[in-house]
Amino acid sequence: MEIDMKKIIVIGCPGSGKSTFSKVLHKYTGIPLYHLDRMYWNQDQTTVAKSVFQKRLSNVMKQNEWIIDGNYGATLDIRLQACDTVCFLDYPTDVCLDGIQKRKGKARSDMPWIEVEDDPELLSYINDFQALHRPKIMNQLNQYKDKIIYVFKNRTQADEFLNQMK
């Protein structure tokens, strides 16, 4: 499968596997991978200044090729404008909650710390994602008909897509 992708965003509910998907996509395409969580969070679980985050993101987006993994609704429009391809992991809530549980206690290249306990705010966000956040994302995606947009409803669909990249 020959797909001309150079600037890709990977979005979806926390726990959907955006970072894992992005890592495999990076492996198969060689396109540099950047995690929004790494740009936004410090190791001590504090956030960088908004201006620092925006500068980091801007520097990445100036490059000729990139995979940017993460939601961050405040920057979704600028990433949608700049990308050529969107991969939306549009999975059911229970799949995402399960994903959060499976990553607990594990070091991750996309986060500067190891999550060891449930974050009630994150769990609430995941539980509200389908009703509150997904409609906004779908509305934004509908405004970018010139982009290649993949919406994966389950891990099997996403895996099949990635396998075509090999």
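The values are calculated or read from the model by the stated rules, or taken from the named source; none is laboratory data. Nothing here was measured: the structure is a model prediction, and the numbers come from that model. Every residue, glycine among them, receives a Cβ derived from its backbone with ideal geometry; neighbour counts consider all protein chains shown. For the accessible areas, the whole protein counts, side chains as well, though only heavy atoms, and no ligand, DNA or RNA atoms are used. Shrake-Rupley method; radii C 1.70, N 1.55, O 1.52, S 1.80 Å.
Observations, loosely collected:
- Counting every alpha-carbon pair across the chain, the share separated by more than 28 Å comes to 17%.
- Region 102-146 - percent of accessible surface contributed by carbon and sulfur, probe 1.4 Å: 52
- Length available on full extension from Gln101 to Met138: 0.36 nm per residue minus the Cα-Cα distance, which gives 10.7 nm.
- Only aspartates and glutamates eight or more places from Lys7 in sequence, or on another chain, were considered; those with a Cα closer than 15 Å are Glu65, Asp69, Asp77, Asp84, Asp146.
- For Lys147 and Gln130, the difference between the fully extended length at 0.36 nm per residue and the C-alpha to C-alpha distance is 3.8 nm.
- Cα-projected label distance for Asp84 with Thr46, points at 7 Å along beta-carbon direction, nm: 4.1
- Lysine pairs meeting the criterion (Cα under 25 Å, 8 or more apart or interchain), as found in region 64-166: 8
- Projecting the Cα atoms of Met138, Met39, Trp66 onto the charge dipole of the chain, computed from C-beta unit charges around the Cα centre, puts Trp66 farthest toward the positive end.
- With all protein chains kept in place, the per residue accessible area of the chain amounts to 54 square angstrom at a probe of 1.4 angstrom.
- Phi to ³J(HN,Hα) by Karplus 6.51 cos²θ - 1.76 cosθ + 1.60 over region 117-129, Hz, x for Gly, Pro: 9, 5, 9, x, 5, 5, 4, 5, 4, 5, 5, 8, 4
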